[in-house]
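Take a look at the structure below.
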Amino acid sequence: MSAPPHRHEFRDVRLAGDGFVLRPWRRDDLEDLLAHADDPAIVRGLSDRFPHPYTREDGERFLAGDVIDLSDPVFAIEVDGHACGGIGAAPGQADRRHSAQMGYWLGQALWGRGIMTRVVALYAPWLMRELELYRLQATVLDSNPASARVLQKNGFEEEGAQRCAVVKFGVVHDLRVFAKVSPPMRRNQTDAT
Ligand SMILES: CC(C)(COP(=O)(O)OP(=O)(O)OC[C@H]1O[C@@H](n2cnc3c(N)ncnc32)[C@H](O)[C@@H]1OP(=O)(O)O)[C@@H](O)C(=O)NCCC(=O)NCCS
């Protein structure tokens, strides 16, 4: 069996893209976070862990690491010096340690400029290399074609749907499952058997 990926430290990561930078969230991102996150259009595509209305307390709890684990590769998307959205992934454990689940959002004022397509193009290959991932998964509500498009443009393949998996604002939704895979070398597979 191959060795488990070692514990990573992401505090000093800074990934520069075309028109944006990905870097860890900071406590002083609070005002920018509130400016972009308190928007019903954002939460429509996300899980209820992302609340609406998005209060100052919600922002403080998020930046304190009380909502999701900020020691994971969870980054702010900085545009023109301001945090305008986020992208992150939760790595699996034990026999799922070579896979991870990715999520992202962007402030509505910046939609439609190709930013998230470029963010995923930078983040996904970096993450898969960094964590030695064989699989990176993202799930998308059936009502969110823009997010599905971002994934498709980045080589994620649609594998199917978790039917009736989510109830959002009283409406039942399927969750479309997308993944990008990078299987281990054949040699490693042989080693593992
Ligand atoms: C989904 C989201 C990240 C997209 O960000 P973005 O920077 O606007 O995305 P891009 O501009 O890179 O690409 C969007 C693509 O979707 C397409 N699109 C937008 N609305 C669409 C719609 N209603 N139907 C089909 N395609 C649509 C765009 O045309 C574009 O594709 P193209 O380049 O082939 O023309 C952003 O809308 C968002 O943050 N939404 C709220 C949170 C969310 O849904 N997160 C994803 C959870 S899975």
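Read-outs throughout are calculated quantities, based only on the coordinates presented, and are distinct from any laboratory measurement. None of the values given here were measured: they were computed from a predicted structure. Counting neighbours? That spans all protein chains shown, and the Cβs are built from the backbone with ideal geometry, glycine included.
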Separation in nanometres of the label points that stand 7 Å from Cα toward Cβ, at GLU157 and MET185 | 2.3
Based on other C-beta atoms within 10 Å, arrange VAL150, VAL13 from fewest to most.
-> VAL13, VAL150
How do 18-30, 126-138 rank on mean C-beta neighbours within 10 Å, highest first?
-> 126-138, 18-30
Take the chain, connect every pair of alpha-carbon atoms lying under 10 Å apart with a spring to form a Gaussian network, then pick out the residue of THR139, THR55, THR117 with the largest mean-square fluctuation.
-> THR55
Length gained when the stretch VAL166-LEU30 is fully extended (0.36 nm per residue, less Cα-Cα span) | 46.1 nm
Loop-resident sites, the range 1-90, for GluC sites (Glu not before Pro), counting at most 11 other Cβ within 10 Å (DSSP) = GLU9
Note the full-extension length gain between GLN93 and VAL67 as 0.36 nm times their separation in residues minus their Cα-Cα distance, in nm to one decimal.
-> 7.5 nm
How high is the relative contact order of the chain, given as a whole-number percent (alpha carbon pairs under 8 Å, six or more residues apart)?
-> 19
Calculate, in whole percent, how much of the Cα-Cα pair population of the range 15-192 lies beyond 21 Å.
-> 51
Counting only DSSP beta bridges with both residues in the range 15-192, what percent are antiparallel, rounded to the nearest 5?
-> 90
Once both labels are modelled 7 Å past Cα along the beta-carbon direction, what's the ASP12-ALA146 spacing in nm?
-> 3.7
